[in-house]
Amino acid sequence: MDDIYLVTVVSNIGMISFIALSAYLLLVVGEISFGQQAFFAVSAYGSGIATAMWGWPIWLGLLWGALLAGAAALVVAIPTVRLRGLYFSVATLAFAEMVRLIFEIFTYQVEIDGELVGPDGSDGFRDIRAIYDSNVSAFEYMLIIYGLLAVVLIGFLILERSRLGAIFRMIGEDPMLTEMQGLNVTVYKILAVVMAGVVAGIGGALYAHLATYVEPKIFNVMLGVHALAYGLIGGLGTAFGPLIGVAIDIGLLESIRAISGYRMIVFGGLVALLLIVRPRGLLDEAAVHWLRGRWRELRRATH
Amino acid sequence: MLRIEGLSRSFGGVAALEALDLAVADGEVVGLIGPNGSGKTTLFNVITGVHAADSGRIVLRDRDITRSTPAGIVRLGIARTFQNLRIYQRMSVRENVWVAQHSLPGVGLLSGSSAAERARRAEVDRLLEAVGLADRREVLAGSLPLPDQRRLELARALVRSPALLLLDEPAGGMTPTETAEMAALIRDFAVPGRTCIVIEHKLDLISETCGRLCVLNFGRKIADGAPGEVLQQADVLEAYLGGDAPDA
């Protein structure tokens, strides 16, 4: 019993990490999105439809969901990336609410073995049973989640050392100066929004298949706000930052019985406190720079 | 190299540049002086596409760049520094120079370890060496003192080997000793082999580096010629120096 609980919590940390990384990528390019839950939702529905209704294998359903989320992000990105600051934030929030409301009325069902399967508006989408039908245990599924998370995280770490990653950070710090390094800021911002959409999408597809049931209200703005907060708590200097944020919230706060029921208050207070003392999170750029310096020294000393 | 014809730009009814004509020949180093608000930085902003021109033309090597984007103008070979220093504070000194290579032709979005990438990294190191920042290449740029940040900006502007270099108060906020060092750096390292326009209030830096001097006042050019002659003109003394004779 306890093991199942633990596996569920750890799986949740993994899935939420994807949407945290997604919001983090946009924070790096200097934009606050209140709408990453929309891409999580698009992929949850899209992958669920692919596996439960069209009979696709899970891996293909995941890929399809992530690509669908990326496509949705592209649709959002083209008109909104020229907006800055608050305007971008409001636009992403409006888009996400629009997506949620569309799922409230979206009905698409087919009869499979005498039962209606598929999204049914606000009643949600039941029986996304692909992992149970193929006898994947909860533990094995947790390993799949973390395998994919590792792949995405390695991608982020490669990105951090690359010119593309530097361009994202440059845009986040000074878009005009970045334009004056001969770079088309709009194009790179669209790329960042699409990449963030795909990353959120992977999480959404994984979520739908673990929960077997999704409904529109899961994807409300609080999911997006949490995703943002993880990066702001954990830090914007490295992709490990948002993961630390997730671990603090779900791993630590949710597991301390003494504060159960007050979790959101503690969480909100923590965000407020950190925004004052460490505006770019625990692992901010200066902290990461310092750590890398120590790491280099250590390696030099041991060689 | 650069030809500016009838260039005007105003902000909310106030003319920052008014029918300005300026031609800069290949290899020429032109000093640009004038009182605060005379349009010097606006001229740089319009040349580099930060602000659009209201009217007039900017031609770089027979190519009209008046309507080009800032990124496009940089790729055509113009680089600049900023009066209000603009560096990436949250990046290291080395990264601040490295970033100017991202848009060079043939540079990929990943940074591998190919021979070409190693050569580009060596180029960054060479520039840092030249401006005297080699020993602090791994320091966060935001933690450098102001004169070093100005040197860093200069190194970054030189990464793409620009044909035209625009320096906006390269010695702003510097002591006389630091100004002299900057003047030597500009004269011996930045300027040779390229065309340059230098905005500066410090006349000793101008006389050290520039062969020609233009004076702007209320967005108009009021003098243009050899520094020694221009600084004797009555209207220049009146506009720029309040009537006093220059000490440079």
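Overview of values
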item: Output for segment A:147-162, where each listed residue is more than 13 Å from every other protein chain (Cβ to nearest Cβ) and either surrounded by fewer than 17 Cβ atoms within 10 Å (Cβ to Cβ) or over 16 Å from residue A:207 (Cβ atoms) (or both); result: A:147, A:150, A:151, A:153, A:154, A:156
item: Scan of segment A:31-56 for residues that are over 17 Å from the mean Cα position of the chain (by Cα) and either under 20 Å from residue A:220 (Cβ atoms) or in contact (Cβ under 8 Å) with a residue 40 or more places away in the chain (or both), ordered by number; result: A:48, A:49, A:51, A:52, A:53
item: Scope segment B:53-65; condition touching a helix residue (DSSP H, G or I) at 6+ places or on another chain (Cβ under 7 Å) and away from every other protein chain (no Cβ under 14 Å); matching residues; result: B:53, B:58
item: Wholly enclosed strands (runs of 3 or more DSSP E) of segment B:1-109 bearing at least 1 residues among the polar types (S, T, N, Q) and modelled with pLDDT of 90 or more; result: B:2-11, B:55-60
item: Qualifying residue in segment A:77-89 (condition: more than 30 Å from residue B:102 (Cβ to Cβ) and touching a Phe, Trp or Tyr at 6+ places or on another chain (Cβ under 6 Å)); result: no
item: Meets criteria (within 20 Å of the chain's Cα centre (by Cα) and either surrounded by 21 or more Cβ atoms within 10 Å (Cβ to Cβ) or more than 11 Å from chain A (Cβ to nearest Cβ) (or both)) for residue B:68; result: yes
item: Residue identified as under 18 Å from residue A:187 (Cβ atoms), within 15 Å of the chain's Cα centre (by Cα) and modelled with pLDDT of 95 or more among A:70, A:65; result: A:70
item: Selection count where residues are aromatic (Phe, Trp, Tyr) and more than 24 Å from residue A:20 (Cα to Cα), scope segment A:126-161; result: 1
item: Whichever residue in segment B:171-214 is in contact with a Ser or Thr (Cβ under 6 Å, 6 or more places away or on another chain) and in a loop (DSSP other than H, G, I, E, B) and, among such residues, is farthest from residue B:86 (Cα to Cα); result: B:202
item: Qualifying residue in segment A:121-129 (condition: among the aliphatic types (A, V, I, L, M), under 22 Å from the mean Cα position of the chain (by Cα), surrounded by 14 or more Cβ atoms within 10 Å (Cβ to Cβ) and at pLDDT 90 or above); result: yes
item: Selection status of residue A:169, free of Cβ contacts under 8 Å to residues at least 60 places away in the same chain, closer than 30 Å to residue B:159 by Cβ and either within 13 Å of another protein chain (Cβ to nearest Cβ) or within 13 Å of the chain's Cα centre (by Cα) (or both); result: no
item: Subset of segment A:10-60 [surrounded by 24 or more Cβ atoms within 10 Å (Cβ to Cβ) and touching a strand residue (DSSP E or B) at 6+ places or on another chain (Cβ under 7 Å)]; result: A:44, A:45, A:48, A:52
item: Residue match in segment A:186-200 (condition: surrounded by 22 or more Cβ atoms within 10 Å (Cβ to Cβ) and either acidic (Asp, Glu) or in contact with a Cys (Cβ under 8 Å, 6 or more places away or on another chain) (or both)); result: no
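Yes or no, residue by residue, for (1) in a helix (DSSP H, G or I); (2) within 14 Å of another protein chain (Cβ to nearest Cβ); (3) farther than 30 Å from residue B:68 by Cα; (4) among the small types (Gly, Ala, Ser):
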| residue | (1), (2), (3), (4) |
| --- | --- |
| A:139 | yes, no, yes, no |
| A:164 | yes, yes, no, no |
| A:181 | no, yes, no, no |
| A:187 | yes, yes, no, no |
| A:203 | yes, no, yes, yes |
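Residue-wise test of (1) among the acidic types (Asp, Glu); (2) within 14 Å of chain A (Cβ to nearest Cβ); (3) within 22 Å of residue A:183 (Cα to Cα).
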| site | (1), (2), (3) |
| --- | --- |
| B:103 | no, yes, yes |
| B:109 | no, yes, yes |
| B:119 | no, no, yes |
| B:131 | no, no, no |
| B:134 | no, no, no |
| B:143 | no, yes, no |
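Conditions (1) free of Cβ contacts under 8 Å to residues at least 24 places away in the same chain; (2) surrounded by 13 or more Cβ atoms within 10 Å (Cβ to Cβ); (3) within 14 Å of chain B (Cβ to nearest Cβ); (4) part of a helix (DSSP H, G or I), marked per residue:
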site: A:225; (1), (2), (3), (4): no, yes, no, yes
site: A:228; (1), (2), (3), (4): no, yes, no, yes
site: A:236; (1), (2), (3), (4): no, yes, yes, no
site: A:242; (1), (2), (3), (4): no, yes, no, yes
site: A:251; (1), (2), (3), (4): no, yes, no, yes
site: A:267; (1), (2), (3), (4): no, yes, no, yes
site: A:286; (1), (2), (3), (4): no, yes, yes, yes
site: A:297; (1), (2), (3), (4): yes, no, yes, yes
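The values are calculated or read from the model by the stated rules, or taken from the named source; none is laboratory data. The model shown is predicted, which means the values in this text are computed figures rather than measured ones. In this analysis, Cβ positions are derived from the backbone assuming ideal geometry, glycine residues included, and neighbour counts consider all displayed protein chains.
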